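Coordinate-derived values only; no laboratory data. Note that the structure is predicted; figures quoted are calculated from it, not measured. Virtual Cβ from ideal backbone geometry, glycine too; neighbours counted across all protein chains shown.
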DNA sequence: TATCTATATGAATAATTGTTCATATATAAA
DNA sequence: TTTATATATGAACAATTATTCATATAGATA
């Protein structure tokens, strides 16, 4: 069983790297239930607007979150069920 | 749903951080089937013995791999099924 | 005991990355 | 059109981290 060529190895590492930051984990956590706008996220995770925005960009670029505009606000949500699954599996692991 | 207090947030990030490196991903990949000794791992993943050893220490410390001694050699293997599951889920995700 | 092989590890270096601060952009409201 | 609010972004800095090189340790064999 050899599941990974060189490209996929890097893709895998990049994917998990995204999950490997406290701020991003917090953001994903608060997005588990419902979409939220940037300032709501910033308030909930207790991080500056700028820092949240930077991290959302990273999450967006790696397609872990999606967003929609509504007037002045931009609402972010998890991109798909896979993101939740990976999060949940990690959650299970640390609670063992 | 708020699954994470501050400690668990950090634990989650730390867990995924371990998966977030190409060398460690390669090591986990070659350990999917069977245990291997350090120099076999080094050969298979094409990284120096020293680098592999450093990474194995990190994997060991975070309890993602276990090991047993046999004479001169030390055989490493994945710690439990969770490690494989997380790896597989990541694999699924990047192959979407 | 002396030597060889397998593994571990400390220090140094280079590279990556997260936050802050200042500011830009864009939409809404007055 | 002017002002206020929400979001994005570039530069700078500090911190973290992966590799290399040299070397240490420990078990096996001669």
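Rounded to the nearest 10 degrees, the angle from helix B:81-94 to the longest Cα principal axis of chain B is 70 degrees.
Calculated FRET efficiency, residue B:38 to residue A:6, Cβ-Cβ distance, R0 = 22 Å: about 0.50 to the nearest 0.05. Spacing of the modelled spin labels on residue A:66 and residue A:14, each 7 Å from Cα toward Cβ, amounts to 2.1 nm.
Below 8 Å, C-alpha to C-alpha, sequence gap of six or more: please give me the relative contact order for the range B:6-94 in percent.
Details: 76 pairs, mean separation 23.7, N = 89.
Here the relative contact order equals 27 percent.
Over the range B:56-96, what is the relative contact order in percent, taking alpha-carbon pairs closer than 8 angstrom and at least six residues apart? It comes to 26 percent, rounded to a whole number.
Could you work out, residue by residue across A:1-10, how many beta carbons of other chains sit within 10 Å of that residue's beta carbon, and then give the average as an integer?
Across the residues of A:1-10, the mean count of other-chain Cβ atoms within 10 Å is 5.
Taking the 0 to 90 degree range and rounding to the nearest ten, how far is the long axis of helix B:49-61 tilted relative to the main principal axis of chain B, both from C-alpha atoms? Long axis of B:49-61 versus the principal axis of chain B: about 40 degrees.
Would you mind ranking B:3, B:32, B:56 so that the residue whose beta carbon has the fewest other beta carbons within 10 Å leads the list? Present the calculation step by step, with values, prior to reporting the outcome.
Details: B:3 13, B:32 17, B:56 22.
So the ranking, lowest neighbour count to highest, is B:3, B:32, B:56.
Whole-percent P(r), the protein assembly as shown, all Cα pairs, 10 Å bins from 0: 9, 35, 30, 17, 7, 1, 0.
With the label put 7 angstrom out from Cα along the Cα-to-Cβ vector, residue B:96 ends up 2.5 nm from the copy partners, going from closest to farthest. Over the C-alpha trace of chain B, radius of gyration and Dmax come out as 14.3, 50 angstrom.
Find the centroid of the Cα atoms in the range A:1-71 and in the range B:74-96, then give the distance between the two in whole Å. Going from one Cα centre to the other spans 21 Å.
Think of it as helices only: each DSSP H run of n ≥ 4 in chain A is worth -39500 (n - 2.57), and spread over all residues that comes to -18500 deg cm²/dmol at 222 nm. Look at the stretch A:84-96: the mean tally of other chain Cβ atoms within 10 Å of its residues' Cβ atoms is 5.
Could you work out the mean count of beta carbons from other protein chains within 10 Å of each residue's beta carbon in B:20-28?
Details: counts 10, 6, 9, 2, 3, 10, 5, 0, 2.
Whole-number average of other-chain Cβ neighbours for B:20-28 is 5.
Under the classification rounded if a/c is under 1.5, otherwise prolate if a/b is larger than b/c and oblate if not, where does the range A:31-77 fall, given a ≥ b ≥ c as square roots of the Cα gyration tensor eigenvalues? If you can, show how the numbers build up before the last one.
Details: a/c = 1.30, a/b = 1.06, b/c = 1.23.
The shape class here is rounded.
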